[in-house]
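Below: one structure, written as structure tokens.
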Amino acid sequence: MAKEDAVHAEGLVKEFGDVKALDGLDLVVPRGKVVGLLGPNGSGKTTTVRILATLLKPTKGVAYVNGFNVEKQSDQVRHSIGLTGQYAAVDEFLTGRENLRMFGDLYHLAPTYVKDRSEELLEWFDLSEAADRPAKTYSGGMRRRLDLASSLIAKPSILFLDEPTTGLDPRSRLGLWGVIESLVAEGTTVLLTTQYLDEADKLADDIVVIDHGRVIAHGSAEALKDQIGGDRIEVRVADIDRVRDAQLVLGPVFGGESLITESLVSGPVSGGSTVLVDVVRLLDSQNIAIADLALRRPTLDDVFLSLTGHSAEDETMDKPAGRSKKGRKQS
């Protein structure tokens with residue numbers, strides 16, 4: 001691996017019985033950068049992180065973290081990384097301060113260092129006032145901040161964040177984004193898996209899209225958007241019962257590649273603003289009233305749709321059971 005790479009993996013395969021979670025995955029994370037790992041649920045994102053964090057052994061392939069082989073030098077890897085999983089790994093019966101000191105003990109750090117570092121992290125994550133309260137009294141956002149603070153107790157140079165903002169309210173998400181940006185500004189390398197495409201768009205210098213355990217796309221957010229090309233039109237119909245009719249009418253404009261979300265129909269177009277006139281005429285010919293009409297640049301959700309065949313919204317993990325999918329791709 002190159003010295004400038006914090007993470008370098010080649011041909012990773014992970015099999016669980018007959019299930020192949022990873023199928024020859026390659027991954028490079030440059031030092032001091034944020035790489036976003038995107039993909040549908042079950043695509044292999046968490047499996048990848050667990051292998052890199054030495055929590056799982058690959059069936060085949062090789063991976064290096066901070067120059068150390070994840071299988072042969074697992075102790076060195078663990079001492080150079082921080083890990084925050086999908087759910088806050090804090091002891092609810094310990095206080096915030098006690099949680100941080102517990103993690104310091106697990107890293108075998110000097111008590112005086114742990115004490116000073118804990119106070120620093122409590123202040124940085126705005127937890128000082130709640131430091132002596134049991135973690136079970138914390139809100140979801142506070143637990144997430146404490147979990148992230150715990151992963152930083154040893155000042156790791158590489159941080160693995162596996163869907164760190166899942167289930168958080170928008171304000172808490174924005175707060176964690178600010179913390180991640182501050183860490184990167186100080187030189188920390190971050191591998192981020194996320195189900196929120198706006199999160200990857202905001203934080204990641206580079207994005208790797210995986211599906212069925214393989215990398216299917218790689219590049220900056222803007223480069224990936226450019227790959228699918230052109231602009232997109234979004235049409236919100238006044239009568240939600242006619243949204244399917246609108247999708248069928250606009251099929252020729254979108255080239256058969258459109259998506260329905262509630263009363264909104266969207267799809268790729270060429271020709272710029274002149275296409276707006278065609279859209280209005282087509283819908284008017286079928287007496288379909290328009291509530292809103294917009295022309296915009298592609299988003300990462302459009303990229304996700306183009307690459308995987310469905311919207312990322314269909315893959316949201318915290319969607320209530322029994323709720324029907326909103327996104328429907330026209331074939």
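The residue list T299, L259, S157 was ranked by how far each Cα lies along the charge dipole of the chain toward its positive end, using unit charges on Cβ atoms, and S157 comes out on top. Over the chain, with a Gaussian network built from C-alpha contacts below 10 Å, which listed residue (P164, P252, P156) shows the highest mean-square fluctuation? Highest fluctuation of the listed residues: P252. Each residue, S128 and M102, gets one label point 7 Å from its Cα in the Cβ direction; the gap between the two is 2.5 nm. Helix-only arithmetic for the chain: the sum of -39500 (n - 2.57) across DSSP H runs with n ≥ 4, divided by the residue total, places the mean residue ellipticity at 222 nm at -10000 deg cm²/dmol.
The 3J(HN,Hα) values that the Karplus relation (6.51, -1.76, 1.60; θ = phi - 60°) gives for the stretch 7-24 are, in residue order, 10, 9, 10, 9, x, 5, 10, 9, 10, 10, x, 8, 8, 9, 6, 10, 9, x Hz. Gly and Pro appear as x.
Any idea what the alpha-carbon Rg over 2.2 N^0.38 Å comes to for the stretch 84-154?
On the way: Rg = 10.7 Å, N = 71, 2.2 N^0.38 = 11.1 Å.
Normalised Rg, Cα atoms only: 0.96.
For the stretch 5-219, the relative contact order comes to 31 percent (Cα pairs under 8 Å, sequence separation of at least 6). Mean projected area of the convex hull spanned by the Cα atoms of the stretch 5-219, taken over all viewing directions: 11.4 nm².
Using a Gaussian network model of the chain in which every pair of alpha carbons under 10 angstrom is joined by a spring, one finds that among P30, P134, P298 the greatest mean-square fluctuation is at P134.
Quick one: of the DSSP bridges fully inside the chain, what percent are antiparallel, nearest 5? Each step should come with its number before you reach the end.
Working: 39 of 56 bridges.
So the antiparallel bridges amount to about 70 percent of the total.
Could you tally the net charge around A246, taking each other residue with its Cβ under 11 Å from the Cβ of A246, Lys/Arg +1 and Asp/Glu -1?
Numbers: positive: R236, R242, R244; negative: D239, D241, D245.
So the surrounding residues net to 0.
In nm, what is the difference between 0.36 nm times the number of residues separating Q73 and N41 and their Cα-Cα distance? Walk me through the numbers before you get to the answer.
Numbers: separation 32, 0.36 × 32 = 11.52 nm, distance 2.98 nm.
Length difference between fully extended and current span is 8.5 nm.
Close amide-amide hydrogen proximity is noted between D5 and R31, each under 5 Å apart and 5 or more residues distant or on a separate chain (H modeled in the peptide plane; Pro and chain starts excluded). Extension gain for V215 to V280 (0.36 nm times residue separation, less C-alpha to C-alpha distance): 19.5 nm.
For the stretch 14-53, the calculated P(r) over all alpha carbon pairs, in 10 Å bins from 0 to the bin holding the longest distance, is 25, 56, 17, 2 percent.
Summing Lys and Arg as +1 and Asp and Glu as -1 over all other residues whose Cβ lies under 12 Å from the Cβ of S285 gives a net charge of -2.
Phi-derived couplings, Karplus 6.51 cos²θ - 1.76 cosθ + 1.60 at θ = phi - 60°, listed residue by residue for the stretch 256-271: x, 10, 10, 9, 9, 9, 6, 9, 9, 10, 9, x, x, 9, 10, x Hz, with x used for Gly and Pro.
Which one, I158, I81, I228, has the greatest fluctuation when you compute a Gaussian network model over the chain with C-alpha springs under 10 angstrom? Taking springs between Cα atoms under 10 Å, the residue moving most is I228.
Any read-out appearing in this document is the output of simple, stated calculations on the displayed coordinates, not a laboratory observation. Since the structure is predicted, the reported quantities are computational estimates derived from the model, not experimental observations. Virtual Cβ from ideal backbone geometry, glycine too; neighbours counted across all protein chains shown.
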